[in-house]
Amino acid sequence: MTVPDREPHTLVLNATGSGKVTSIKYTLDGRVVQQGAVTLPWREPVTVPADGLPHSWTLEVEFTGNGGVDLVAIFDGQVVAQGGSAGGGSGSTSGSAGVGGTVNG
């Protein structure tokens, strides 16, 4: 019996808002991808193998300023996680936000 080839899944990580991102990092199955400062909005599609196994992921953002950052993760067109954090009233305020979860490949 042959099993048809499966298309890989796509996990799309999004960060929006008005904070100034000083660091953004995401992981898939423990493999860390570190990016420095980015300009919002930021979007990164991540390929998840179609192997039927669970795959864990995280998205972490550090920011400064009086804005906030909103995080949304979309897996095969469905929102699987969202979160965020708001900064304070002064330009020297810093904050962080993160989301994470597990998706099935």
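The values are calculated or read from the model by the stated rules, or taken from the named source; none is laboratory data. What you see is a predicted model, and the numbers here were worked out from it, not measured in a lab. Virtual Cβ from ideal backbone geometry, glycine too; neighbours counted across all protein chains shown.
Quick check: anything in segment 61-69 touching a residue at least 12 places away in the same chain (Cβ under 8 Å), aromatic (Phe, Trp, Tyr), surrounded by 18 or more Cβ atoms within 10 Å (Cβ to Cβ) and within 20 Å of Gly105 (Cα to Cα)?
No, because not a single residue in segment 61-69 is touching a residue at least 12 places away in the same chain (Cβ under 8 Å), aromatic (Phe, Trp, Tyr), surrounded by 18 or more Cβ atoms within 10 Å (Cβ to Cβ) and within 20 Å of Gly105 (Cα to Cα).
Might you check whether a residue that is at pLDDT 95 or above, under 14 Å from Leu13 (Cβ atoms), in contact with a strand residue (DSSP E or B) (Cβ under 9 Å, 6 or more places away or on another chain) and in a strand (DSSP E or B) occurs anywhere in segment 63-70?
Within segment 63-70, one or more residues are at pLDDT 95 or above, under 14 Å from Leu13 (Cβ atoms), in contact with a strand residue (DSSP E or B) (Cβ under 9 Å, 6 or more places away or on another chain) and in a strand (DSSP E or B).
Just to verify a result, which residue in segment 34-60, among those that are loosely packed, with under 13 Cβ neighbours inside 10 Å and among the aliphatic types (A, V, I, L, M), is farthest from the chain's Cα centre (by Cα)?
Among them, the one singled out is Leu53.
Please go through (1) β-branched (Val, Ile, Thr); (2) at pLDDT below 95; (3) in contact with a Pro (Cβ under 8 Å, 6 or more places away or on another chain) for Val12 and return the number of the only condition it doesn't satisfy.
The failed condition is (2).
Can you work out which of the residues in segment 84-100 that are in a strand (DSSP E or B) and surrounded by 15 or more Cβ atoms within 10 Å (Cβ to Cβ) is modelled with the lowest pLDDT?
Ala86
Just give me the residues in segment 71-83 being surrounded by fewer than 18 Cβ atoms within 10 Å (Cβ to Cβ) and not in a loop (DSSP other than H, G, I, E, B), in sequence order.
In the first step, residues of segment 71-83 are kept if they are surrounded by fewer than 18 Cβ atoms within 10 Å (Cβ to Cβ); the result is 74, 76-80, 82-83.
Passing the criteria: Ile74, Gln78, Val79, Val80, Gln82, Gly83.
Does Ile24 qualify as being in a strand (DSSP E or B), farther than 15 Å from Gly105 by Cβ and touching a residue at least 40 places away in the same chain (Cβ under 8 Å)? Please lay out each step first, then the result.
On the way: in a strand (DSSP E or B): yes; farther than 15 Å from Gly105 by Cβ: yes; touching a residue at least 40 places away in the same chain (Cβ under 8 Å): no.
Considered against the rule, which asks whether it is in a strand (DSSP E or B), farther than 15 Å from Gly105 by Cβ and touching a residue at least 40 places away in the same chain (Cβ under 8 Å), Ile24 comes out as no.
Go through (1) farther than 15 Å from Thr10 by Cα; (2) assigned to a strand (DSSP E or B); (3) without any contact (Cβ under 8 Å) to a residue 60 or more places away in the chain one by one and return the number of the condition Thr58 breaks.
Against the list (1) farther than 15 Å from Thr10 by Cα; (2) assigned to a strand (DSSP E or B); (3) without any contact (Cβ under 8 Å) to a residue 60 or more places away in the chain, Thr58 comes up short only on (1).
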